[in-house]
Amino acid sequence: MIIGFDASRAFVWEATGTENYSLNLLKALARIDRKNKYRVYLRGVSNTAKIPKNPDFELRPIGPSRLWTQFSLALETWKHPVDLLFVPAHTLPILGNPKVKTVVTIHDLGVEYLPNFHKFPQRYYLDFASKYAARHADAIIAVSSATKRDLLKRYRIDPKRIFVVHEGVDTAYFRPRGKDEVARMKDKFKIKGDYILFVGTIQPRKNLEMLIEAFSKIPGNCQLVLAGKLGWDYQEILAAPKKFNVEDKVKFIGRVPDADLPALYSGAAVFAFPSLFEGFGLPILEALACGCPVVASDIGSHREIAEKLKAVTLAKPTDVNRWSSVLYQTITKRVKRSTFNNIRSSLKSNFSWEKAAKATLGVLESFK
C-alpha cells in the first residue's frame, strides 16, 4: 500500500499543537511500519533529520508553497496517485483525485464553538475546510472522544467514519530534569523562586485573563510565567497584569525553544492550563511527564486525560476563586516523586506516540 502523508506542517519553525502532532506521528510511523510505502509531501525544502531512517519513506518536496494544499497537493494526487492520502490537520484538497482514498485528522471544532476567538479571515477558511474535510474524507481521526462528540453534534457525521486516537507524549524527551539544568533555564529567562507555568499561544481561547486574575489572589511571592508566541487579540491579556496589580509577578517569556521546555516544566511548582476549549491538551501530558503537577480547565478533552491518569486537578474555566484556591493548594502541597513515577508509567501505556501510530495505521490499512 502506498500512503501519501501531508507533512507540510511537520517541520515549521514555530510549531504548535497540530505541527507537533504531525511530526511526532510521522516519526512514530517511520519507526513501526515495515509493510507500507510512504510518500511524505513537504512544502519546499525542510529539515527532515528528526525522522528515523526508513527506506520505505520517500521525502517529496512539492511546490509552489502558495495555495499548497489546494493546488500543489491536489495536483500531486493526479500526477502521481497513491492508494491513500493522510492529512493530519483539518483540510483536504478539494480538487484532488477522487480515486485516492482520504483520511483526515480533526483536532477540534473550536471555530464552531468560539468563532470570535479565531483570527480573521483564517477562521472562515478553517470553518469551511473543517466542514469539507469532515464531510468528504473516507475516514476521520478525532484526537479525543470530545472531538468525536462535537463532530456528531455539529456536522452530523456518520459515527462509523470517526475513529478516536489520542495524541501521545515522548517520555524519553519530556522527563524530570535535574536542579542544575532547571537553574540554568531559570537564569536564562530571569525567573526567580517558585513559579506557576503556562505553555501555549497567547490568545483569548487560552483563558489567560482569568488565570492572571486568579493568580492575583494568591498570597506570597510566586511568579506566573506565560510561555508562548503571541497569537491574536492578545492586547487585553498583556494588559491584565497591570489591571490586577501583579505587573511585577507576571512574566511573558515568548516562545520557548523545544530544548528548554523539559527544564521549564520540571522547575514549575504547578502547570496551569485554563483553556476554554481544546481538542486534546498535549501540554498537560508534557508537564506530567516532567514531574509537574497540573491544574487544567474542566472541559471534555481534559476530563479524558484526567480519567486515565488520575493526576490532573480540574476546575471550571470561569471560576476564578476555585482556580486561585487549587493553584495555591497545589503550590503549597508536596507531591512525592514516586507519584510521578507511576504517572510516567501510565503515560507510556496510555499516551505514547507508538500507540497513536499503531491505532492510526489501523485506520489507514482498513482501506487496503
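For first residues located in the stretch 231-245 and surrounded by fewer than 15 Cβ atoms within 10 Å (Cβ to Cβ), partners that are small (Gly, Ala, Ser) and lie 6+ apart or on another chain with Cβ distances below 8 Å form the pairs Asn245/Ser216.
Please give the strands (runs of 3 or more DSSP E) falling wholly within the stretch 23-96 in which 3 or more residues are crowded, with 18+ Cβ neighbours inside 10 Å, in contact with a strand residue (DSSP E or B) (Cβ under 6 Å, 6 or more places away or on another chain) and not acidic (Asp, Glu).
In the stretch 23-96, 37-43, 84-87 are the strands (runs of 3 or more DSSP E) which contain 3 or more residues that are crowded, with 18+ Cβ neighbours inside 10 Å, in contact with a strand residue (DSSP E or B) (Cβ under 6 Å, 6 or more places away or on another chain) and not acidic (Asp, Glu).
Residue-level check: of (1) touching a strand residue (DSSP E or B) at 6+ places or on another chain (Cβ under 8 Å); (2) farther than 27 Å from Gly178 by Cβ, Thr330 misses just (2).
For the stretch 307-317, state whether one or more residues are out of contact with any His (no Cβ under 8 Å at 6 or more places or on another chain), outside the structural domain of Asn24 (by TED's automatic domain parsing) and in contact (Cβ under 8 Å) with a residue 60 or more places away in the chain. Taking every residue of the stretch 307-317 in turn, at least one turns out to be out of contact with any His (no Cβ under 8 Å at 6 or more places or on another chain), outside the structural domain of Asn24 (by TED's automatic domain parsing) and in contact (Cβ under 8 Å) with a residue 60 or more places away in the chain.
Considering the stretch 185-226 alone, what residues qualify as being assigned to a helix (DSSP H, G or I), surrounded by fewer than 15 Cβ atoms within 10 Å (Cβ to Cβ) and of a type outside the set (Asp, Glu)?
Lys188
For the stretch 118-141: of the residues being among the hydrophobic types (A, V, I, L, M, F, W, C) and part of a helix (DSSP H, G or I), which is modelled with the lowest pLDDT?
Among residues in the stretch 118-141 that are among the hydrophobic types (A, V, I, L, M, F, W, C) and part of a helix (DSSP H, G or I), the one modelled with the lowest pLDDT is Leu126.
Are any of the residues in the stretch 297-304 of a type in the set (D, E, K, R) and farther than 26 Å from Ile141 by Cβ? No, the conditions are met nowhere in the stretch 297-304. Looking at Val256, Val270, just one residue is aliphatic (A, V, I, L, M) and more than 22 Å from Ile218 (Cα to Cα), and that residue is Val256.
A quick yes/no check of all residues on (1) over 18 Å from the mean Cα position of the chain (by Cα); (2) under 30 Å from Ala133 (Cβ atoms):
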| position | (1), (2) |
| --- | --- |
| Lys160 | yes, yes |
| Asp170 | no, yes |
| Pro176 | yes, no |
| Asp187 | yes, no |
| Asp194 | yes, no |
| Thr201 | no, yes |
| Glu209 | yes, no |
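If you go through the stretch 319-340 and pick out every residue that is at pLDDT 95 or above, surrounded by fewer than 18 Cβ atoms within 10 Å (Cβ to Cβ) and out of contact with any Lys or Arg (no Cβ under 8 Å at 6 or more places or on another chain), you end up with 2. Look at (1) without any contact (Cβ under 8 Å) to a residue 40 or more places away in the chain; (2) under 30 Å from Val100 (Cα atoms) and you find that Glu167 fails only one, number (1).
Residues that are farther than 24 Å from Ala139 by Cα, among the β-branched types (Val, Ile, Thr) and at pLDDT 90 or above: does the stretch 42-56 have at least one? No, the stretch 42-56 has no match at all.
The values are calculated or read from the model by the stated rules, or taken from the named source; none is laboratory data. A quick note: this is a predicted structure, and the numbers were derived from the prediction, not measured. Cβ atoms come from the backbone with ideal geometry, glycine included; neighbour counts cover every protein chain shown.
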